[in-house]
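Just below is one structure, and these are the notes that go with it.
The values are calculated or read from the model by the stated rules, or taken from the named source; none is laboratory data. Computed from a predicted model, the values in this text were never measured in an experiment. We place every Cβ from the backbone using ideal geometry, glycine too, and count neighbours over all the protein chains shown. Please note that ligands, DNA and RNA were not included when accessible areas were found on the heavy atoms of the full protein model with its side chains. Shrake-Rupley method; radii C 1.70, N 1.55, O 1.52, S 1.80 Å.
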Amino acid sequence: MEEFMEKLPAMDLMRSERMSFVQFIIPVESAHRAVSYLGELGLVQFRDLNAEKSPFQRTFVSQVKRCGEMLRKLRFFRDQVGKAGVKSPENPVVQPDVLLEQLEIQLAEHERELIEMNSNSEHLRQSYNELLEFKMVLQEAGSFLFSGKNHPVAEERELDETAYSNDYVETASLLEKEMRPGTSEQSGLNYITGIICQTKVLIFERMLFRATRGNMLFNQAPANEGIMDPVTSEMVEKVVFMVYFSGEQARKKIKKICEAFGVNCYPVPDDITKQRQMTREVVSRLSELEATLDVGIRHRNSALSSISLHLPKWTDLVRREKAVYDTLNMLNFDVTKKCLVGEGWCPTFAKAKIQEVLQRATYDSNSQVGIIFHTMDAVDSPPTFFRTNKFTNAYQEIVDAYGVGRYQEANPAVYTIVTFPFLFAVMFGDWGHGICLLLGALVLIARESKLGNKKLGSFMEMLFGGRYILLLMSLFSIYCGLIYNEFFSVPFHIFGRSAYKCRDTTCSDAYSVGLIKYRDPYPFGVDPSWRGSRSELPFLNSLKMKMSILLGVAQMNLGIILSYFNARYFESSLDIRYQFVPQIIFLNSLFGYLSLLIIIKWCTGSQADLYHVMIYMFLSPTDNLGENQLFWGQRPLQILLLLLALIAVPWMLFPKPFILKRLHIERFQGRTYGVLGISEMDVEAEPDSARAQQHHEDFNFSKVFVHQMIHSIEFVLGAVSNTASYLRLWALSLAHSELSTVFYEKVLLLAWGYDNVIIRLVGLAVFAFATAFILLMMETLSAFLHALRLHWVEFQNKFYHGDGYKFKPFSFALLNDDDE
C-alpha cells in the first residue's frame, strides 16, 4: 500500500510548493539590474536584513525619496487630467524607453509649466468672476436705486424736497428715506452694494440687523448667473444685495461684517448714465477675458493630453524603480563594500530560472564578477505557496481567509472545490433558482476578459472573483433541486410517473386520508406526490435531518483522515498513535454508529426510534432494546462502542505529553540522538504560536500537558457540537423550501386567481422581486456563510493549523496603486 501511494503523482494543491532558502552575493554594478530582472520573474521573497534600521538610515534612501517625489508629480498629473476631462487614447503610441534621470527632468518641467498655467488660469478666472459679479451688481443695484424715480412732474419732486425738513430727516425712518428719491446725499443716507453666497444670506442679514440695531434696510436679489469657483471648479449660486444705512459708525461695522463673510463689495454710482457706461466697460473687458481664458484652457488641455499619452508608462517605470530600490534597501553590504548580500525564499522548482536570470543580469551590466547564488539552511519556517489558476484561486482564497496553511500541511482547498458548493446546494436546493444562478455565473465567465481589465466596485469585484464558485454552486443547486424535486417550490414528473395515487378516485380527500403506493418507487429524487400531502413535512424533515448527519459525519471523518496523512508526511508517529487513532475511534463509536443506524433504518424500513436508541445507549446500555432493535447483536455492539469511546478520551489526553517529556530527557542526557518529528516539536511550541525552537532546554511539561488537555476536551465537545452544527443543512433547506412555497402560493397563485390583468401583473412583479432579492440574494448569501462556517470550523479544525504565512514574492506584476 505504501509503495502504491508513493508512486502516485504529486498534487499541486495538496501540499504547498517546496521552498528553498537562498542567498545572493551581487556586485554593486549589477545589483540594480539583477533585482529588476528578479522582479520581472516574480519568484523570490527577499528577507529584510536591515529590519533594525529606520527607512531613513538605509543605503538607497535618496533614490527612494526621488521616486516618491516623481510618483507625487505623476499623481498630480493624473488628478489634473481627470479634472480637465481629458481622455487618454485606448491604444497609445508606443514610446521609446526613457531613463529615470531624464524622466525626472521632464516631470519637473511639466509640473512647473502646469503649475504656472494653473496659476495664470486661476488669476484670470478670479478677475473674470469679479467682473461678472460687478456686472450683476450693476444690473441689480440699478433696480434698487431707481425703482422710486418714477415722478415725471417737477412740482412733485419740488414738493418732496420742501415737505421734508432737515429736522424731520434726522428722525425719519430708513424706509421713508429710501422711498424718498434724490435725498440720499442731503440726508446722509448711504448704501453699500455687493454679492454673497446664497447659503450665507440669512445669517449675513441677521448679523447686519443686530450690529446696526435695526437701523438699516437690506435689499437682495438672486444673481442671474452662477459663478465658477476657481479652486473647486464648481458653480456657486450668489445673491446681490444693497444695504442702506446712516452714519460713519454703521459703515465701519458693515464693512467689517462684509470682510468676515468674504463678501465682495462693488461701488455703484447714483447716476444712471455712469452706471450704463460702467456696464459697457465691464462687458467689454469680460469678452476679452473670456477669449483669453478659452485660449489658456485649450493650451492647458493640449499639454495635459500630451502628458496623458505617456502617463501609464511613466507611472509603471517609476513604480518599478521605487520597488527595486525598496528591495535593494533590504540587502546588506559585505565587508569590502563592493557586493550586496541578500537572502530570501524561492520555490525549489524556480532555482534554475533564477540562476538564468542572474547570469543575464551579469552579462547585461558588463560586470567582470558573476553573481553568487546558493542554497542555505534556514531556521525559520518557509512561507506557503500554492500555484493556482483562475478556477482554483477563489477556493484557495476561502481557505486562506481562515488562516494561511502551515508549510507543507494538507491543503483543504483540494476538497473545498467540491464540498463547499455541494453543501451550499444542500441548503439551497431548487433547480429553478439554480438555473438563475447559473445564468449569472455564465454571464460573468463570458465577460471575464472585459471585466478583468476594468476597475469594479467592491461588491462586483467580489462577485467576479467568485464566478467559478458561483458556477459550481449553481450546478450543484440544480442537482440537489432535482433530488428535492423543486422548481420554484413546484414539483414536476420529470423522471416518470409517481409511485402513489389517491385513495379515492376523485382525489378530493387525498389531503385527509393520504396516498397509497401502487408501483415501484420514483426513479430519482423525491416523489412529486409528496407535495401537498399530509405527510409531506414529516417526511422531508426526517429525510433532510438524517441526510445532514450523514454528510457531517462523512466530512468530519475526512478531516481526521487528513490529519493522519499530515502526521505520516511529517513522520510523526506520536500523532498517528495518540491523536489520529483515538479521534477516529471516538467519533465513529458515537456518530459513526448513528450514521450506520440511519442507513440500516432506510434500507429495512424499520420503525425504530433512533432518539431512544442513542439516549439509552448512555443511560441504560444493558437494557433490552425491544422494538428499537435494528439488527442482531446490536446491544453488545453498543456496549463495546461505548467502552471504546470512554477509552479514547484518556488515550488522547495522557500518553503524548509524557512520551514527549521522556524523549526530551533522553535526548539531552545523551542516551539517544534521534531527531524529533516536526509535528512532535510543534506540540511543544504551539501554545506560544511559534515554530520549533533550536534549543529545547526550556521544555515546559505543564504547558504541553495543558495544551494537550485543551485539544482533547475541544475534540470531545466538538464531536457533539459539530455534528449538531451540520443540522443547519436541514434547517436552511427547509427555510428555503418554505419561503419558496409561500411566495408561490400566497403571491403568484393568489394574484393569478383574480380575473384582472393589473392584479396579475402586480402579483407577478412582487413574486419576481421576492425571488430575486430574497431567495436569490439573501438566501444565497445566508447559505454561502453557513457553508463557510461548516468548512472553517467543523471540517478544518480536525487537521488544519492555519498558522503559516503566505509567500509574497517581489514581483512587478503584483504592484498596484497602493504601492505608491
Legend entry - Selection from 422, 344, 522, by position along the positive dipole direction of the chain (Cβ): 522
Legend entry - Structure-based [θ]222 nm, the chain - -39500 (n - 2.57) summed over DSSP H runs of at least 4, per residue, nearest 500: -18500 deg cm²/dmol
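Could you give the Stokes-Einstein D for the range 278-343 in µm² per second, using the C-alpha Kirkwood radius, 20 °C, 1.002 mPa s?
Details: Rh = 16.9 Å.
Using the Kirkwood radius from Cα pairs, D works out to 127 µm²/s.
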Inset, instruction - For helix 248-260, report the angle its Cα long axis makes with the longest principal axis of the Cα atoms of the chain; keep it between 0 and 90° and round to the nearest 10°. - result: 30 degrees
Legend entry - Label-zone membership for the range 239-267, site residue 202, 7 angstrom Cα→C-beta point, backbone N under 16 Å: 239
Legend entry - Whole-angstrom gap from the range 384-407 to the range 553-609, using each part's C-alpha centre: 27 Å
Legend entry - Rounded to the nearest 20 debye, dipole of the range 286-381 from Cβ charges on Lys, Arg, Asp, Glu: 240 debye
Inset, instruction - Please give the helix 536-569 orientation as an angle from the longest Cα principal axis of the chain, in degrees from 0 to 90, rounded to the nearest 10. - result: 80 degrees
Inset, instruction - Using only Cα atoms, find the angle between the long axis of helix 413-428 and the longest principal axis of the chain, and express it within 0 to 90 degrees, rounded to the nearest 10. - result: 80 degrees
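Which length gain, in nm to one decimal place, applies between residue 299 and residue 571 when the Cα-Cα distance is subtracted from 0.36 nm times their residue separation?
On the way: separation 272, 0.36 × 272 = 97.92 nm, distance 7.33 nm.
Computed gain between residue 299 and residue 571 is 90.6 nm.
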Legend entry - Charged-residue dipole, Cβ positions (Lys, Arg, Asp, Glu), the chain about Cα centre, Debye nearest 20: 1760 debye
Inset, instruction - Whenever you get a sec, line up 395, 569 from highest to lowest accessible area (probe 1.4 Å, protein heavy atoms). - result: 569, 395
Inset, instruction - Could you give me the percent of Cα pairs per 10 Å distance bin for the range 214-279, shortest bin first, beginning at zero and ending with the bin that holds the maximum distance? - result: 16, 40, 35, 10
Inset, instruction - Would you be so kind as to identify which of 235, 302, 203 lies farthest towards the positive end of the dipole of the range 193-343, taking Lys and Arg as +1 and Asp and Glu as -1 on Cβ and the Cα centre as origin? - result: 203
Inset, instruction - For P(r) over Cα pairs in 10 Å bins from 0, in percent, several values are listed as (i) 2, 10, 14, 14, 13, 13, 11, 7, 5, 3, 3, 2, 1, 0, 0; (ii) 2, 12, 22, 25, 20, 12, 5, 1, 0, 0, 0; (iii) 2, 9, 12, 13, 13, 12, 11, 10, 8, 5, 3, 1, 0, 0; flag the one computed from this structure. - result: (iii)
Legend entry - Normalised contact order of the chain, rounded percent, pairs of Cα under 8 Å and 6 or more residues apart: 20 percent
Inset, instruction - List every residue whose amide H lies under 5 Å from the amide H of residue 238, counting only residues 5 or more places away in sequence or on a different chain, with H placed 1.01 Å from N in the peptide plane. - result: 198, 223, 227
